[in-house]
Amino acid sequence: MQPRLNIVIVGGGTAGWMCAAALAHDLKADRPEGLCNVRLIESDEIGTVGVGEATLPHIKDFNDHLGLNEAEFMRRTRATFKLGIEFADWGRKGGSYIHPFGDFGHAINGAEFVQYWSRARDLGETASIEAYSYAVQAARHHRFDFPSEDPASIKSTYAYAYHFDASLYAAFLREFAEARGVRRTQGRVVEARQSPESGDIAALVLQSGEEVAGDLFIDCSGFRALLIGQTLKSEWQDWTPWLPCDRAVAVACDSDAPPTPYTQSIALEEGWRWRIPLQHRVGNGYVFASRFLSEEAATERLLGLLEGRAQGAPRLLRFGAGRRLQSWRGNCIAMGLASGFLEPLESTSIYLIQVAITHLLQLLPKPGHPFRPDTRLTAEYNRRVDLEYDRVRDFLILHYHANAREDGALWRHTREMDVPDSLLEKMEQFRSRGYIHRYREGLFSPASWLAVFMGQDVAPRGHDRLADLLPEAQLIERLSGMRRRIAANVEDMPRHDAFIRGYCASTAPENAA
Ligand SMILES: Cc1cc2nc3c(=O)[nH]c(=O)nc-3n(C[C@H](O)[C@H](O)[C@H](O)COP(=O)(O)OP(=O)(O)OC[C@H]3O[C@@H](n4cnc5c(N)ncnc54)[C@H](O)[C@@H]3O)c2cc1C
């Protein structure tokens, strides 16, 4: 038998159980030939953050990789489908655009679609860029179907994610992980013992007095950042000058409306409101900047906007945008809220947990006595995770910065502030000729940037010469053909609510919280 790595996870929120499930599955924790033993410690007394209901399409890959049955997962977590996010009143009041999980049109003769769209606009064509996105049209018509696997089909040009109850998802993964050898301990960690030589964590002391030793410690303790922050003092990089929202008030409510296949993000005076439809309720929250709006005023505003009876009392969450300078330090790796926080504007937190797990699995250190991870692995992990956070940060800042709203100090501040050079360059590239650099690592795709640029009136001033090669009549005909094809196919799709009823209806009692 080969030596096994003893991995201890602190925290049983979404991060802790996603990590436990993936490690147990991939490293075969329940088999004699497995590479690790996994133990997870969580405290019922402390509990979890209890929000986080909207996801990105990558979550499907995560679930598929574990072999979860999609319909069962959706029933158990009371999930709905998500084709993108509608941003209402962002950019300017009265405006609405959808950031879809899918493409806009397709490249022609080596030039990107936006180049043709831009030329057609200069020729007087008035159709919005949204008319060329299958995902946007399906979302706007409240339709859903699985994408086609045939790359020639227009129905292959989108992906989907889910809205789900995050606590039920953690419970589902817990069941999965425990069945695959993860040992769970309920108890509060009161001390982390460090090795006097290396400074690494040697063992955790629980309130019961029990000591839990390990090789590798994964800090999923949420905003407390028990190990990475409190014990190892990995510095926090503060991004609140760019992303000043630092509070959210959240409450679920009843709804009679059929669930929309998209998340809604509606800009308000000093922040924005989310609306996330599940099968049995709608999740609502108001994310705001406390320097511009009081907690009481935000709570009152949110309650006044609910479409149905509130399910329970509103919950207030305090946070700050930023990330750890080192998410992996010594023998401790932080994931989830312990590693960084970016407001849920683009539903990226669960994605960031997922990529952290993937990078850890790829860079998993070998066991040894005494155990000491290779610092080159640690540096590579931190490089990858930093890049992911930094890219999401720039994308979020764009939403705030490119605004023409006149109501509220938040909008004035974010419009006038200096933004990171990496974002400035991206905006300039797009403004000049509609160029969007395609990343090899990390979020977001050019189609995502395109959606937000156009949605928030950051428009290209010119187009590629290549797009001039297509004769004008052909250009207009091709574009209208694309629009017609999308509209006709969308009309044939099932309604989202009917699709859910047939595929994964939850048997949860009405209005169950
Ligand atoms: C307002 C808001 C809205 C959000 N919306 C979204 C969204 O729509 N989509 C998305 O992807 N993400 C969203 N997120 C982020 C998402 O909620 C988190 O990324 C996700 O829940 C992971 O949290 P976590 O597991 O890191 O921490 P938590 O859920 O806080 O879990 C921490 C765990 O650590 C344990 N713990 C802490 N201290 C100790 C101790 N001393 N001893 C033992 N155990 C301990 C706790 O018991 C708990 O089990 C949102 C976050 C906020 C704040």
At 222 nm, what helix-only mean residue ellipticity would the chain give, in deg cm²/dmol to the nearest 500, using -39500 (n - 2.57) for each DSSP H run of four or more? -10500 deg cm²/dmol
7 Å from Cα along Cα→Cβ at both R121 and E175: what's the point-to-point distance in nm? 4.9
Flagged links, alpha-carbon separation over 32 Å, of K366/K426; K60/K426; K60/K366; K233/K366: K366/K426
Rg and Dmax in Å for the chain, alpha carbons only: what are they? 23.7, 79
Sparsely packed GluC sites (Glu not before Pro) within the range 283-334, loop by DSSP, other Cβ within 10 Å at most 14: E307
Count charges around D238 for me, please; just the other residues with Cβ under 12 Å from its Cβ, Lys/Arg as +1, Asp/Glu as -1. +1
Taking the Cα centroid of the range 1-76 and of the range 253-317, what is the distance between the two, rounded to the nearest whole Å? 29
Applying the gyration tensor rule to the Cα atoms of the range 292-375 (axes a ≥ b ≥ c; rounded if a/c under 1.5, else prolate if a/b exceeds b/c, else oblate), the class is prolate
Over all directions, the range 1-136 yields a Cα convex hull whose mean projected area in nm² is 14.4
If you take every DSSP beta bridge whose two residues both sit in the chain, what share of them, in percent to the nearest 5, is antiparallel? 70
Potential lengthening between E300 and E491 on full extension [0.36 nm per residue; Cα-Cα distance subtracted]: 64.8 nm
Find the centroid of the Cα atoms in the range 426-478 and in the range 350-423, then give the distance between the two in whole Å. 25
Sequence-distant or interchain residues sharing an amide H contact under 5 Å with A252, placed H: which? N284, Q311
Would you mind getting the Kirkwood hydrodynamic radius of the range 201-355 from its Cα pairs, rounded to one decimal in Å? 17.4
For the range 156-240, inverting the pair-averaged 1/r of distinct alpha-carbon atoms gives a Kirkwood value in Å of 16.0
May I ask you to compute the full-extension gain from L325 to R461, defined as 0.36 nm times their residue separation minus their alpha-carbon distance, rounded to one decimal in nm? 45.2 nm
Assign one of three labels to the range 366-513, namely rounded, prolate or oblate, based on the Cα gyration tensor with a ≥ b ≥ c the square roots of its eigenvalues; rounded applies when a/c is under 1.5, prolate when it is not and a/b is larger than b/c, and oblate otherwise. oblate
For V114, V190, V287, what's the fewest-to-most ordering of other Cβ within 10 Å of each Cβ? V190, V287, V114
Most exposed to least, judged by fewest other Cβ atoms within 10 Å, H413, H359 sort to H413, H359
Rg to Rh quotient for the range 60-184, alpha carbon positions, Kirkwood Rh: 1.10
What nm distance separates the two modelled labels at Q429 and I46, each placed 7 Å from Cα along Cα→Cβ? 4.1
Lys and Arg at +1, Asp and Glu at -1: add these up for the other residues within a Cβ distance under 10 Å of V182 and post the number. +3
Ranked on Cβ counts within 10 Å of their own Cβ, fewest leading, K28, K426, K155 go K28, K155, K426
Using 14 Å as the cut-off for backbone N distance, which residues of the range 298-329 belong to the label zone defined by a point 7 Å from the Cα of E380 along Cα→Cβ? none
Are there GluC sites (Glu not before Pro) in the range 432-508 that DSSP marks as loop and that have at most 15 other Cβ atoms within 10 Å, and which are they? E441
Net charge (Lys, Arg +1; Asp, Glu -1) of residues whose beta-carbon lies under 13 Å from that of L469, L469 excluded, is 0
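Read-outs: derived from the displayed coordinates by stated rules, not from any lab. The model shown is predicted, which means the values in this text are computed figures rather than measured ones. FYI the Cβ positions are ideal-geometry reconstructions off the backbone, even for glycines, and counts take in every protein chain you see.
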